[in-house]
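A quick write-up on the structure given underneath.
The values are calculated or read from the model by the stated rules, or taken from the named source; none is laboratory data. Model, not experiment: these values are computed from the prediction. Using ideal geometry, Cβ is built from the backbone for each residue, glycine included, and neighbour counts are taken over all protein chains shown.
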Amino acid sequence: MFPIVSTTLFMPLLGALLVMGFRKAPAKLVHTIGIFTSGFTLIGAIIMWSRGINSTGFAQLEQLEWMPAIGAAYRVGVDGISLPLVLLSALLFFVTFIYSAKVRERPHAYVVLMLLLETAAIGTFTALDAILFYVFFEVSLVSMYFMIADWGHEDRQRAALMFFIYTLLGSLPLLLAILGMYLGSDPHTFDMRVWIENPPLTGTAAMLALIAMLFTFAVKTPVFPFHTWLPAAHVQAPAAGSVILAGVMLKFGTYGLIRFSLQMLPEAFREVGVVVLVFGIISALYGAFAALAQNDLKRLVAYTSVNHMGYIVIGVAIAALAIDPAIRATALDGSVLQMISHGLVTGALFFLVGMLQDRAKTREMDQFGGLLKLTPIFGWSFVLAAFASLGLPGLAHFPAEFQIFLATLQVEPFAIIVILGIVVTAGLYLKAISQIFLGEANTKWQGMPDLTMRELITLTPLLALIIIIGIAPAWVLDVIHKTTLNLHL
């Protein structure tokens, strides 16, 4: 069978090599290569989706010998947890390349870094060898560092350095845990499927490995109090960088939390499940209240990411604590769907914030007013994305958060206090809409242009999917549920 997973994985890398070969090509051609490469990658992801998965493990498996002496191989494949994330990543990179076609500052380097980052992202979600996973996991840091440092805003160097140091140091415990899992397996292997089927560590060794993994994924997600790098990185990153950071790279943390911590060390995770749950609750509430205090619109959206990622952590913790497989599946269904909806919703919001900053050269909400009259398409697009972010029924976050809260009530009722975060999120977005879009139009912004065709093409797939998943989530949930219902924990 044609190796569609590997083709999709390495298509962006081939595009990057092509751009590097055309060092004197004009910016328009370079961006065209980026758009077409990411478009073909999206087609590959859609073909992967059409091939589907099975309910007994990983599907669409591809494997080649790599380092047989130590049990490492090139192993890739997907299941109901990773396949939706591959499709989300391919879509977000595609629309990001469309949006970024305006970049004229070092376009060759920009497109190459974005394509390398796309391969790293898809590789992280499809890798079934722990060494391969770690390579992709780390390569993504390099690309995003340069994206922030070279194309970011006024304080970009400090933000890029903070992002790189936090996430690099945060990744080292995972490497130690991987080595511990390798040494605990018999025969020694880095095959993640073997580790999931037969967890190689027990007792104290398992708990130490779990603590190392939890630290890494807490930084990556990020979970309070390991979140401090995120607002600075988002605020200083270019709009495209913020979209990929929030929509794709934050999912590395929650995906790893499920794939490594929960599936490979289920007994140890169950012992500390309440602790993880409490951290998730604190993150969700802290993110909401911190966002409420912001006047910078981009910083507000960044803190709502901490809030929504906290809900995902809660869902994973509930899955670890649940005894009933049906409740466990409900919690994980909600968590994985929340990863998808967060990528779409927050991606759209960061695009919109970038479009506003391009026009006004400011993100301070109190500087605006009445923009709905001046830019109705932009205004209503923001209102739709904001209502989705606050969990309005009929939009993408609602079915995800509903399942997380439903499972939480059945396992740890005290944790439902986290629903207060939705109330706060509703308040902060209504405040933002009121300040920026309602009231009398500020004469300062008379003549502000509405969305261009390129911006509409960028936003339309995201906004459409926000509505489609909110109204009819079954087409995504059916894929997720095939895996979550049959996890061996």
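When the range 1-32 is filtered for residues that are under 29 Å from Gly77 (Cβ atoms), surrounded by fewer than 21 Cβ atoms within 10 Å (Cβ to Cβ) and aliphatic (A, V, I, L, M), the ones remaining, listed by number, are Met1, Ile4, Leu13, Leu14, Leu17, Leu18. Residues in the range 394-425 that are under 27 Å from Leu372 (Cα atoms) and over 22 Å from the mean Cα position of the chain (by Cα) were compared, and the one that is surrounded by the fewest Cβ atoms within 10 Å (Cβ to Cβ) is Val423. The number of residues in the range 471-481 that are more than 12 Å from Ala326 (Cα to Cα) and in contact (Cβ under 8 Å) with a residue 40 or more places away in the chain comes to 6. Within the range 43-63, if we keep just the residues that are more than 15 Å from Met192 (Cα to Cα) and without any contact (Cβ under 8 Å) to a residue 40 or more places away in the chain, the residue that is nearest to the chain's Cα centre (by Cα) turns out to be Ile43.
Looking for something within 21 Å of the chain's Cα centre (by Cα) and closer than 23 Å to Ile404 by Cβ - is there at least one such residue anywhere in the range 437-460? For the range 437-460, residues within 21 Å of the chain's Cα centre (by Cα) and closer than 23 Å to Ile404 by Cβ: absent.
Output the residues belonging to the range 124-157 that are part of a helix (DSSP H, G or I), farther than 17 Å from Leu245 by Cα and out of contact with any Gly (no Cβ under 9 Å at 6 or more places or on another chain). Across the range 124-157, the qualifying residues are Ala130, Ile131, Tyr134.
Rundown of residues vs (1) crowded, with 24+ Cβ neighbours inside 10 Å; (2) over 20 Å from the mean Cα position of the chain (by Cα), yes/no style:
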residue: Gly280; (1), (2): yes, no
residue: Leu292; (1), (2): no, yes
residue: Arg299; (1), (2): no, no
residue: Val306; (1), (2): yes, no
residue: Ala317; (1), (2): yes, no
residue: Ala320; (1), (2): yes, yes
residue: Leu332; (1), (2): yes, no
residue: Leu349; (1), (2): yes, no
residue: Arg359; (1), (2): no, yes
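Of all residues in the range 354-377, none satisfies being β-branched (Val, Ile, Thr), modelled with pLDDT of 90 or more and under 23 Å from Val306 (Cβ atoms). What residue, among those in the range 377-390 that are surrounded by fewer than 24 Cβ atoms within 10 Å (Cβ to Cβ) and free of Cβ contacts under 8 Å to residues at least 60 places away in the same chain, is farthest from Ile468 (Cα to Cα)? Among those residues, the one meeting the criterion is Gly379. Candidates are the residues of the range 77-109 that are touching a Lys or Arg at 6+ places or on another chain (Cβ under 9 Å) and small (Gly, Ala, Ser); the one that is surrounded by the fewest Cβ atoms within 10 Å (Cβ to Cβ) is Ala101.
Consider Gly439 against the criteria (1) in contact (Cβ under 8 Å) with a residue 60 or more places away in the chain; (2) not in a loop (DSSP other than H, G, I, E, B): it satisfies all of them except one. Which criterion is unmet? Gly439 satisfies every listed condition except (2). None of Gly247, Gly241 is surrounded by 24 or more Cβ atoms within 10 Å (Cβ to Cβ), of a type outside the set (Ser, Thr, Tyr) and within 19 Å of Ile81 (Cα to Cα) except Gly247.
A quick yes/no check of all residues on (1) buried (at least 19 other Cβ atoms within 10 Å of the Cβ); (2) within 20 Å of Glu267 (Cβ to Cβ); (3) among the hydrophobic types (A, V, I, L, M, F, W, C):
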position	(1), (2), (3)
Ala130	yes, yes, yes
Arg158	no, no, no
Tyr166	yes, no, no
Pro173	yes, yes, no
Glu197	no, yes, no
Thr204	no, yes, no
Leu210	yes, yes, yes
Leu214	yes, yes, yes
